[in-house]
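Student: I'd like to ask some things about the structure below.
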Amino acid sequence: MFRNYLKGDLRYFIWNKRHTILSILTVIALCSRAFSQSDDSSISKKIDTLIQNLYSREQFNGAILVTMNGQIVYKKAYGRSDFEKNVPFSVTTPCYLASVSKQFTATGILILVDKGLLSLNDALNKYFPDFPRGESITITQLLTHTSGIVNYEELGIDNPRLTNREVYKSLVSHKTLQFQPGEKYDYSNSGYVLLAMIIENVSKMSFSDFMSKYIFGPLEMTHTFICTSPVQKPVSNAYGKFGDESDKIGNTTGDGGICSTVEDLLKWDQALYSSTLVPQSLIKQAFEPVTLHDGSKSFYGFGWMIKNDNNKKIVYHTGGSGGYRTYIERDLDNHNTIIILTNIENSPRREISQAIENILKNDRYELPKISIATKMYRIRNDQGIDSAIRFYNVNKANDHGEYDFSEQELNLLGYKLWSVNKIDEAIEIFKLNIVAYPSSSNAYESLGEAYLNKGDKNQAEVNFRESLKLDPANQDAIRMMKKIEEGR
């Protein structure tokens, strides 16, 4: 009797203890979730404050999506996709990805590898027998920008109607490699144009159909498509650094050509953690640095730049064409993702992403610097070029870190003035840039071009020679010197 009582009492005690433990665990879980939601809310508010500031400073217009531990903590759009018609930019507004397209091209190649239709070690001449030195260039080297093939933009053929086939013909005619394949890294859009052509060659499908069948369709990326013609132009218009409409996009594919949304790019991001498209063993190769002939590492994988951070693995890529500026970053260890799509050129994506990274780590961040070129252009329009130059000199002498005084700022302003037929003003800006950056080959080459446009061949030649003295491989300066010599 006493023993039975003890058993019953013991059973009650054990049940009551279990019930108490379960209750405590439930409370802890609910509190943890509440704290997590509170943390997410705080992060979301901090990101929103950042983006609101950037929007008010005219440094952001578009959509941003951020995940932390695989969960969305921020998704929002600011501004307009069409300024003239006052059409809002939304999270479903497609934007031209430009070079962010390269990771899709690279995955297309990996899909063909998985199907056994090609090898990463295949030589280029297997697919294009007439390509100069094609026997010494591998698909891997095309993927990693280590092939030595010149960037077609340096051949003076770049224009909105340029096709892959025209790029190919120019590369074959050029013949010369920039360096021995595998010797070093040199970013080249040409390699990715060739990769798109290889995809078409092997699959017997157009690049657009291949992407739709093997990537966009399976991932239900319903707002993603190849965009290379006016009929297919992205929903968002784009605007240049100085506010003018600048939505011209290239007609080439592989190096660019894809339009997408932040929501579709999240589907893409999540798929890369699985084997939905290709096995993880292949996907992981895309995120590994390549070893060059001298044993050093190049931190560009297959369509992804790789941050050299020993503590965590982060891959990313930028894109830019016309006024479109895009960015995707993936923290592979923590499943944190930052996706930025904007339709204004004056949008500092890298600085924005760094600020968001700091917010996710609960660190302080700095706002990106304001474009001095944009500010000067407005002053020039209101008060004249002398006032704009005076503003530059005063603020550069008393630099408080507010404005961006990098070399490209004055270079872009000079070309903008040139484009509106203010060549004398452009020359003054290019001269100002040489004073600021006397060791820049590009600064002298730009001034030389402006003088040549004005008809002053003597001053043009002086500046082209100085440009080549600083950088003998400057293709634009070489081409311009040939033009002057042929005209004698």
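The values are calculated or read from the model by the stated rules, or taken from the named source; none is laboratory data. This is a predicted model, so every value here is computed, not measured. Neighbour counts are summed over all protein chains in view; Cβ atoms, including those assigned to glycine, are modelled from backbone coordinates with ideal geometry. When the accessible area is computed, the model is the full protein with side chains, heavy atoms only, and any ligands, DNA or RNA have been set aside. Shrake-Rupley method; radii C 1.70, N 1.55, O 1.52, S 1.80 Å.
Student: How far apart, in nanometres, would the label points at Asp382 and Glu58 be if each is projected 7 angstrom from Cα along the Cα-to-Cβ direction?
Tutor: Rounded to a tenth, the inter-label distance reads 1.0 nm.
Student: Still on this structure: Given a cut-off of 18 Å, what percent of all Cα-Cα pairs of the stretch 218-327 lie beyond it?
Tutor: Of all Cα-Cα pairs in the stretch 218-327, 62 percent lie more than 18 Å apart.
Student: Please state, to two decimals, what the Cα-based radius of gyration of the stretch 37-190 comes to when divided by 2.2 N^0.38 Å (N = residues).
Tutor: Working: Rg = 21.5 Å, N = 154, 2.2 N^0.38 = 14.9 Å.
The stretch 37-190 yields a ratio of 1.44.
Student: Checking a compactness column here: for the chain, what do you get for Rg(Cα) / (2.2 N^0.38 Å), N being the number of residues? Let's see the in-between values first.
Tutor: On the way: Rg = 27.0 Å, N = 488, 2.2 N^0.38 = 23.1 Å.
This ratio for the chain stands at 1.17.
Student: Here's a follow-up. Add -39500 (n - 2.57) for each DSSP H run of 4 or more in the chain, then divide by its residues: what number comes out at 222 nm, to the nearest 500 deg cm²/dmol?
Tutor: Rounded to the nearest 500, the figure is -15000 deg cm²/dmol.
Student: To the nearest 20 Debye, how big is the dipole of the stretch 156-282 about its Cα centre, given +1 on the beta carbon of each Lys and Arg and -1 on that of each Asp and Glu?
Tutor: In debye, rounded to 20, the stretch 156-282 gives about 400.
Student: GluC sites (Glu not before Pro) within the stretch 386-422: which are DSSP loop residues with at most 14 other Cβ atoms inside 10 Å?
Tutor: On the way: sites: Glu402, Glu407, Glu409; in loops: Glu402.
Of the GluC sites (Glu not before Pro), the ones in loops of the stretch 386-422 whose Cβ has at most 14 other Cβ atoms within 10 Å are Glu402.
Student: If you take the square roots of the eigenvalues of the alpha-carbon gyration tensor of the stretch 368-410 and sort them as a ≥ b ≥ c, do you get rounded (a/c under 1.5), prolate (a/b over b/c) or oblate?
Tutor: prolate
Student: Could you tell me the ratio Rg/Rh of the stretch 146-275? Both radii from Cα atoms, Rh via Kirkwood.
Tutor: 1.00
Student: Got a sec? Which residues in the stretch 172-207 would a label at Asn125 touch, if it sits 7 Å along Cα→Cβ and we count backbone N under 15 Å?
Tutor: Counting only backbone N, you get 172, 175-177, 181.
Student: Check the straight Cα-Cα distances from Lys313 and name the aspartates and glutamates below 15 Å, setting aside those fewer than 8 residues away within the same chain.
Tutor: Asp269, Glu288, Glu329, Asp331, Asp333, Glu357
Student: Just check the stretch 163-237 against the gyration tensor rule for me: Cα atoms, a ≥ b ≥ c as the square roots of the eigenvalues, rounded for a/c under 1.5, and otherwise prolate or oblate depending on whether a/b exceeds b/c.
Tutor: prolate
Student: Measuring from the lowest to the highest alpha carbon on each principal axis, how far does the stretch 104-177 reach, largest first, in angstroms?
Tutor: 37, 26, 19
Student: When ligands, DNA and RNA are left out and all protein chains stay put, how many square angstrom of accessible area per residue does the stretch 382-439 have with a 1.4 Å probe? Intermediate results must be reported in sequence, preceding the final value.
Tutor: On the way: 3160 Å² over 58 residues.
Here the residues of the stretch 382-439 average 54 Å² of exposed surface.
Student: Whole-Hz Karplus ³J(HN,Hα) for the stretch 91-99, in order, using 6.51 cos²θ - 1.76 cosθ + 1.60 and θ = phi - 60°, x for Gly and Pro?
Tutor: Going residue by residue, I get 6, 9, 7, x, 9, 5, 7, 6, 6 Hz, with x marking Gly and Pro.
Student: Can you pick out the pairs among Lys102/Lys307; Lys76/Lys102; Lys126/Lys284; Lys76/Lys267 whose Cα atoms lie more than 20 Å from each other?
Tutor: Lys76/Lys102; Lys126/Lys284
Student: Would the stretch 231-277 count as rounded, prolate or oblate if I go by the C-alpha gyration tensor, calling it rounded below 1.5 in a/c and otherwise prolate when a/b exceeds b/c, oblate otherwise? Could the numbers behind the result be given before it?
Tutor: Details: a/c = 2.97, a/b = 2.07, b/c = 1.43.
Cα axes put the stretch 231-277 in the prolate bin.
Student: Could you give P(r) for the stretch 59-103, binned at 5 Å from zero, as whole percent values over all Cα-Cα pairs?
Tutor: Going out from 0 Å in 5 Å bins, the stretch 59-103 shows 5, 19, 21, 22, 21, 9, 3, 1 percent.
Student: While we're on this one: From zero outward in steps of 10 Å, how is the percent of C-alpha pairs of the stretch 379-445 spread across the bins?
Tutor: Reading upward from the zero bin: 21, 56, 23, 1.
Student: Oh, and also: Taking the mean number of other Cβ atoms within 10 Å as a proxy for protection, how do you rank 323-334, 283-294, 199-210 from highest to lowest?
Tutor: 323-334, 199-210, 283-294
Student: What share of Cα pairs, in percent, lie more than 19 angstrom apart in the stretch 343-488?
Tutor: 58 percent
Student: Right, something else. What nm distance separates the two modelled labels at Lys457 and His400, each placed 7 Å from Cα along Cα→Cβ?
Tutor: Placing both labels 7 Å along Cα→Cβ, they lie 5.1 nm apart.
Student: For a Förster distance of 22 Å, can you work out the FRET efficiency between the beta-carbons of Arg488 and Asn159, rounded to the nearest 0.05? List each step's numbers first, then the result.
Tutor: Details: r = 28 Å, r/R0 = 1.26.
After rounding to 0.05, the efficiency reads 0.20.
Student: So what's the stretch 285-414 giving for Cα Rg divided by 2.2 N^0.38 Å, two decimals?
Tutor: On the way: Rg = 18.6 Å, N = 130, 2.2 N^0.38 = 14.0 Å.
For the stretch 285-414, the normalised Cα radius of gyration comes out at 1.33.
Student: Moving on to the next point. P(r) of the stretch 275-322 in 5 Å steps, Cα pairs, percent per bin?
Tutor: Pairs per bin, as whole percents: 5, 19, 21, 23, 17, 10, 4, 1.
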